[in-house]
Amino acid sequence: MRRQVHVNLGERSYTIHIGAGILDELGDRCRDVLQPCRVLVVSDSNVGPLYAQRTARCLEAAGFTVAQAEVPAGEQSKSLPVVSDLYSRAVSVGLDRDSAVAALGGGMVGDLAGFLAATFLRGINLVQVPTSLLAMVDSSVGGKTAVNLPQGKNLVGSFHQPRLVVTDPATLRSLPEREYAAGLAEVVKYGVIRSPGLLAEVEGRIEELLARDECLLTEVIAACCAVKAQVVEADEREAGLREILNFGHTLGHAVEKVCAYRGMLHGEAVSVGMVFAALLSVEVLGLPEREAVRIRNVLSSLGLPVCPPELRWAEVRGAVGVDKKGRGGEVRWVLIRAVGQAERGCVVEESVLERTWVRLLGQA
């Protein structure tokens, strides 16, 4: 089974190719949109040993000249010092303005390699080859690239659309269970903010999803990408509608930062953030309580955390204050009036935020 999702952005348009085994067609897919050139394949110490040589062979068979770079696995690699090392690698292997960077890995690698491609020589070609579910349904699509600063997550970045995305659900077989579940958090997010049918599909097929059924995954990934494509087409640079994609992320990023990017995966933090946002939605927008419970139960059934670690609210609130989504000194939350009806730009009273945090901790 194969699916394609087209992202219509004028001269920056591209296609997302989805299907089990499609990684072996990477060279041919790249040749459809790129002239033979030098390609730097960036992966991490988890993904590189599994797929980097296979990726290089596919590209070389299609006429590309391939070099590789591997960074340590983990969010700590999404940093300016690591980007600096990658710049040096790009120079040493002779990348020029006709060259390309292939991001082979999960969300961290996609963001990091994407930022490299966006900034090296003022921007070169980027190919996203996501190997984690989170990257497949979310971070590989839409052109957001970034690295972290000690003060917060994704504070330095650029919009840089890929030339294509090649997504092979078969690579999810090698993904650790916890990483896989973390990607399911983003699947739930798309259902909650934009697609009630997708959320219902997830609810009804949890066992198949947890078993990594590749046909189902192909359909689910395509559905998520279609939602994201629609939002990105309407608001490429997050000036309005695209903010709804941050549902659960405002608190999630803060929790990640307070935990020093250790102990909680991004998708796990987003899961907690979505439960928090759902509870806020009950208070602020009148979301029926049963819908907040429903969201919590779906996430829990998928093996995701729905309560945060024992953290002090003052610490978490301080981290929320430096989130890149704040405007004019105010934190703007994405909340939902109903499943499928997200509202951006919600300003919430401090007392409501703290009371909801206490309630969230009490759900453990």
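Every number in this text was worked out from the coordinates using simple rules, so none of it is lab data. Quick caveat: nothing in here was measured; it's all calculated off a predicted structure. A quick note on method: Cβ atoms are made from the backbone with ideal geometry, for glycine too, and the neighbour counts reach across all protein chains shown.
Hydropathy first: keep DSSP H helices in the chain averaging at least -1.0 on Kyte-Doolittle, then drop any whose Cα extent along the axis falls short of 27 Å, and list what survives. Show your work: numbers first, answer last.
Details: long enough: 214-234 (30 Å, 1.28).
Membrane-span-like by this rule: 214-234.
Apply the Debye scattering formula to the range 2-174, with a single equal point scatterer on each alpha-carbon and no solvent, then give log10 I(q)/I(0) at q = 0.11, 0.15, 0.19 Å⁻¹.
Those come out to -0.38, -0.73, -1.26, one per q.
For a label point 7 Å from the Cα of GLN53 along Cα→C-beta, name the residues of the range 23-39 whose backbone N is under 17 Å from it.
From the range 23-39, the list is 24.
Could you check the spin-label model distance between SER351 and ARG178? Points 7 Å from the Cα along Cα→Cβ, value in nm.
The answer from the label model is 4.0 nm.
Any idea what the dipole of the chain comes to, in debye rounded to 20, about its Cα centre with Lys/Arg Cβ at +1 and Asp/Glu Cβ at -1?
On the way: 39 positive and 43 negative charges, 98 e Å.
Dipole magnitude for the chain comes out near 480 debye.
Which value at 222 nm does the chain reach when only helices count, each DSSP H run of 4 or more adding -39,500 (n - 2.57), with the total divided by all residues and rounded to the nearest 500 deg cm²/dmol?
So the helix-based figure for the chain works out to -13500 deg cm²/dmol.
Once you treat every alpha carbon in the range 177-362 as an equal point and sum by Debye, what is log10 I(q)/I(0) at q = 0.16, 0.17 Å⁻¹?
Debye curve over Cα of the range 177-362, log10 I(q)/I(0) at q = 0.16, 0.17 Å⁻¹: -0.97, -1.10.
Could you work out how far the C-alpha centroid of the range 1-79 sits from that of the range 194-241, in angstrom?
The distance from the Cα centre of the range 1-79 to that of the range 194-241 comes to 22 Å.
If you take every DSSP beta bridge fully contained in the chain, what fraction is antiparallel? Give it as a percent rounded to 5.
40 percent
Count charges around ARG54 for me, please; just the other residues with Cβ under 15 Å from its Cβ, Lys/Arg as +1, Asp/Glu as -1.
That sum, taken over residues with Cβ under 15 Å, equals -3.
Expressed in nm², what is the orientationally averaged projection area of the convex hull enclosing the Cα positions of the chain? Let's see the in-between values first.
Numbers: hull surface 64.1 nm².
Taking a quarter of the hull surface, the average projection is 16.0 nm².
What is the spin-label model distance, in nm, from SER92 to GLU207 if the labels are put 7 Å beyond Cα along the C-beta direction?
Inter-label distance under the simple model: 5.2 nm.
Picking from ILE124, LEU104, VAL166, whose Cα lies most toward the positive end of the charge dipole for the chain (charges on Cβ: Lys, Arg +1; Asp, Glu -1)?
So the residue we want is ILE124.
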